[in-house]
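I have placed the structure first, in the form of structure tokens, so that the comments after it can refer back to it.
The values are calculated or read from the model by the stated rules, or taken from the named source; none is laboratory data. Since this is a predicted model, take the numbers as computed values, not measurements. Cβ atoms come from the backbone with ideal geometry, glycine included; neighbour counts cover every protein chain shown. Note: areas computed on protein heavy atoms with side chains; ligands, DNA, RNA excluded. Shrake-Rupley method; radii C 1.70, N 1.55, O 1.52, S 1.80 Å.
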Amino acid sequence: MRRLTGRILLPLALLVAWLLLNDTLSFGQVLLGALFAMLISLAIRQLRPLAAQPHRLHLLFGLLWHVLLDIIRSNIAVAAVILGANRQQPNVGFITIPLDMRDPHGLAMLAVILTATPGTVWTDLSPDTNKLTLHVLDLKDEAGWIRLIKDRYERPLMEIFE
Amino acid sequence: MNAILDWAIHFATLCFALAMVFGTVRLIIGPTAPDRVLALDAVYINGMLGALVLGIRFGTTVYFDIALLIGLFGFVGATAMAKFLLRGEVIEP
Amino acid sequence: MNGTELSPWIALPAAALLITGGLLGLLGALGLLRLSGFYARIHAPTLGNTLGAGCVLIASILVSSAIAERPVVHEVLITLCVILSSPVTAMLLMRAAIYRDR
């Protein structure tokens, strides 16, 4: 079951992208898209060194909902920082967060989530100590950031990918 | 009702055009190379959103394809330049 | 709008979303000008890339679905492209800036 979900996700995503691109649900396009999706995922298997093993995919919806809420919230925060920039420039800084997650797919997703949220940019991950360096626009409460990232993002990602 | 939507479309077009002007100013004044690449990326994204707003205004799907192409080329261009700044080489052997 | 009269249930949310998206894109570019230092500036365009793009795309979906009188959702593809691709550029630029500062 776990191997099957890992194997079927990429062709499924490619098929959905093909149908969205053509903006149709006609039988011929579904067939053609399925054919292309199979061929591309067969060809791409040589390029992917290790396959993702996601499970408990229902957790993903809760995670994405949290991400959406956080994106809206930090959009407002960053807009306030930009509007107040001529009175006071923001206090930028790097913070270091020790991570427990080792799975490369989970780490990639964490990187995209953190960078897509305004106000934080993923900077570096040291491979031996597994410590993440994160750049924060408005650095006030360092321990709060660490707690937020570990509880809100890292734990569900670890449950999904590990 | 459509008057409000028309007004909103004009406002959004103006916003994105102004955003492209701001991005171009940052692209010209620099001061560092990563600043310029960042500004170019922002100009690309705002141009793409502007194309989408025009698509709403004229009610055709042609602008969708334009926006998709602008988005993809902007990503490839900005990433290639960022990679070049990082290593001095885009595709490493 | 090519002559078709949209219902207020479509036109009003679409107008609100367009205004929000335009303001967010403008604010992102304004931050590009007003913040000092590259490390602060890299955060500014994220505003337009995430919520600004999302707002405009939802407005586009609403209006084109109402005009075509069927669900038109292919704008989702652009959302996915932008949301997945702009962080990659930001991360590479961040590393490039740190590398060049050293």
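In the elastic network of chain A, a GNM with C-alpha springs shorter than 10 Å, the most mobile of A:Arg56, A:Arg87, A:Arg152 is A:Arg87.
Seen from all directions on average, the range B:29-93 presents a Cα convex hull projection of 5.2 nm². Counting only alpha carbon atoms, the long axis of helix A:27-44 and the longest principal axis of chain A meet at about 70°. One Cα centroid belongs to the range B:29-93, the other to the range A:63-121; the line between them spans 21 Å.
Of the residues A:Leu125, A:Gln53, A:Leu39, the one whose Cα sits farthest toward the positive end of the charge dipole of chain A, with +1 on the Cβ of Lys and Arg and -1 on the Cβ of Asp and Glu, is A:Leu39.
Charged side chains reduced to their Cβ positions (Lys and Arg at +1, Asp and Glu at -1) give the range C:8-101 a dipole of some 300 debye around its Cα centre. Mind pulling the angle between the C-alpha long axis of helix B:2-29 and the longest principal axis of chain B? Nearest 10 degrees, somewhere in 0 to 90. Orientation of helix B:2-29: about 20 degrees from the principal axis.
When chain A is treated as a GNM, springs tying every alpha-carbon pair under 10 Å, which of A:Asn91, A:Asn130, A:Asn22 comes out with the largest mean-square fluctuation? Per the Cα network of chain A with a 10 Å cutoff, A:Asn22 tops the list. Ordered from highest to lowest accessible area with the whole protein assembly present and a 1.4 Å probe, A:Glu142, A:Glu159, C:Glu69, A:Glu154 read as C:Glu69, A:Glu142, A:Glu159, A:Glu154.
Over all alpha-carbon pairs in the protein assembly as shown, figure out the percentage whose distance exceeds 32 Å.
More than 32 Å apart: 35 percent of the Cα pairs in the protein assembly as shown.
Around the Cα centre of the range B:18-93, unit charges on the Cβ atoms of Lys, Arg, Asp and Glu (plus for the first two, minus for the last two) sum to a dipole of about 160 debye. Residue-wise HN-Hα couplings along the range A:72-81, as the Karplus relation 6.51 cos²θ - 1.76 cosθ + 1.60 with θ = phi - 60° gives them from phi, are 5, 4, 7, 4, 5, 4, 5, 4, 5, 5 Hz; Gly and Pro carry x. Heavy-atom accessible area buried between chains C and A is around 2600 Å² (1.4 Å probe, both sides summed).
For the pair C and B, how large is the buried accessible area, both sides, in square angstrom to the nearest 100, if the probe is 1.4 Å?
So the total buried area for this chain pair works out to about 4400 Å².
Put B:Cys15, C:Cys81 in order of accessible area, highest first, and with a 1.4 Å probe you get C:Cys81, B:Cys15. Look at the alpha carbon pairs under 8 Å that are at least 6 residues apart: their mean separation over the length of chain B gives a relative contact order of 26 percent.
In the context of the full set of protein chains, residues of the protein assembly as shown present 50 Å² of accessible surface per residue (probe radius 1.4 Å, heavy atoms only).
Compute the angle between helix C:53-68 and the longest alpha-carbon principal axis of chain C, please, reported from 0 to 90 degrees and rounded to the nearest 10. On a 0 to 90 degree scale, this one is about 20. Semi-axes of the equivalent ellipsoid for chain C, computed as √(5λ) from the eigenvalues of its C-alpha gyration tensor and ordered from largest down, come to 35, 15, 7 Å. When shorter helices are ignored and each DSSP H run of at least 4 residues is given -39500 (n - 2.57), the per-residue value for chain C at 222 nm works out to -24500 deg cm²/dmol. Consider all pairwise Cα distances in the range A:19-162 and report the whole-number % of them above 23 Å. More than 23 Å apart: 51 percent of the Cα pairs in the range A:19-162. Using a 1.4 Å probe on the protein chains only, how many percent of the accessible area of chain A belongs to carbon and sulfur? Ligands and nucleic acids excluded, carbon and sulfur reach 68 percent.
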